[in-house]
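The values are calculated or read from the model by the stated rules, or taken from the named source; none is laboratory data. On a predicted model such as this, the values are computed, not experimentally measured, just so you know. Glycine also receives a Cβ, built like all others from the backbone with ideal geometry; neighbour counts cover every protein chain displayed.
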Amino acid sequence: MEIVLKLVLVVFLVLFVVLFIFSLVVLAIHHKTGGALFVPTPKVMIRELIRSIDFSSFHDIRELGCGDGRFIRAVEQGYGVTVTGYEINPLAFMVSYLMLWNRRSRVLFRSFWEEDLSGVDCIYCYLFPDLMERLGEKLGRELPEGARVISSNFPIPLWQEDRIIKAQDTIFDDPIYVYVKGRHLPNG
Ligand SMILES: C[S@@+](CC[C@H](N)C(=O)[O-])C[C@H]1O[C@@H](n2cnc3c(N)ncnc32)[C@H](O)[C@@H]1O
């Protein structure tokens with residue numbers, strides 16, 4: 001009985017330490033993530049994206065906040081092209097780094113806010129509503145005409161989408177907004 005109690009205590013202690021470290025990490029990076037925590041895009045939505053968009057037509061694809069790298073892997077697997085991801089959460093970075101170790105795509109432990117994205121012709125992101133206006137301003141300044149911006153779940157305020165993709169799924173049918181730089185302003 002005593003051994004069982006000790007085991008339960010150890011499990012609780014380990015859980016507590018893991019949660020504590022996780023909370024510290026989240027707090028430490030909050031000023032950069034603006035609340036965009038690591039929540040992966042559902043696989044069914046990734047599949048729909050891969051089916052709906054021809055990623056082989058782009059020469060520089062970036063994912064802003066790539067989480068575990070599932071989008072990157074799916075694009076490389078589906079189209080044979082590489083993607084560069086940015087990730088600021090050390091735990092998510094480590095996972096995506098490991099998941100991509102045998103691929104040509106890469107993940108950078110860096111905030112995408114600090115990157116100059118001029119020249120990039122395809123952006124994918126799944127972030128957080130509070131960030132989208134600032135992101136729209138950055139992408140509006142930096143991306144070349146014709147660049148594609150794909151945002152899962154959250155639209156870019158004041159931008160006019162080119163199309164909205166939805167997975168044929170009863171649970172994961174959140175909209176995926178697709179914008180084309182140059183045609184993104186309603187009266188532009
Ligand atoms: C909602 S998750 C989406 C993860 C992944 N894109 C996916 O769709 O499965 C958002 C991710 O963006 C990352 N993130 C937020 N702000 C960032 C920043 N400034 N630079 C790099 N990564 C960031 C977070 O750490 C988090 O892992």
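Within the stretch 153-164, the set of residues being surrounded by fewer than 19 Cβ atoms within 10 Å (Cβ to Cβ), among the hydrophobic types (A, V, I, L, M, F, W, C) and modelled with pLDDT of 95 or more comprises just one member, Ile164. Taking the stretch 153-175 as the range and being among the β-branched types (Val, Ile, Thr), part of a strand (DSSP E or B) and free of Cβ contacts under 8 Å to residues at least 40 places away in the same chain as the test, only Ile164 passes.
Table: residues versus (1) within 28 Å of Gln168 (Cα to Cα); (2) assigned by TED's automatic domain parsing to the domain that holds Leu139.
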residue: Leu24; (1), (2): no, no
residue: Asp54; (1), (2): yes, yes
residue: His59; (1), (2): no, yes
residue: Gly80; (1), (2): yes, yes
residue: Val83; (1), (2): yes, yes
residue: Phe93; (1), (2): no, yes
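Screening Asp68, Asp60 for residues that are touching a residue at least 24 places away in the same chain (Cβ under 8 Å), charged (D, E, K, R) and out of contact with any helix residue (DSSP H, G or I) (no Cβ under 9 Å at 6 or more places or on another chain) leaves exactly one candidate, Asp60.
If you go through the stretch 149-177 and keep only what is among the basic types (Lys, Arg) and either touching a Lys or Arg at 6+ places or on another chain (Cβ under 7 Å) or under 17 Å from Phe58 (Cβ atoms) (or both), you end up with just Arg163.
Taken over the stretch 110-152, the criterion of being surrounded by 16 or more Cβ atoms within 10 Å (Cβ to Cβ), in contact (Cβ under 8 Å) with a residue 60 or more places away in the chain, within 10 Å of the ligand (Cβ to nearest atom) and of a type in the set (A, V, I, L, M, F, W, C) is satisfied by Cys125, Leu127, Phe128, Leu131, Leu135.
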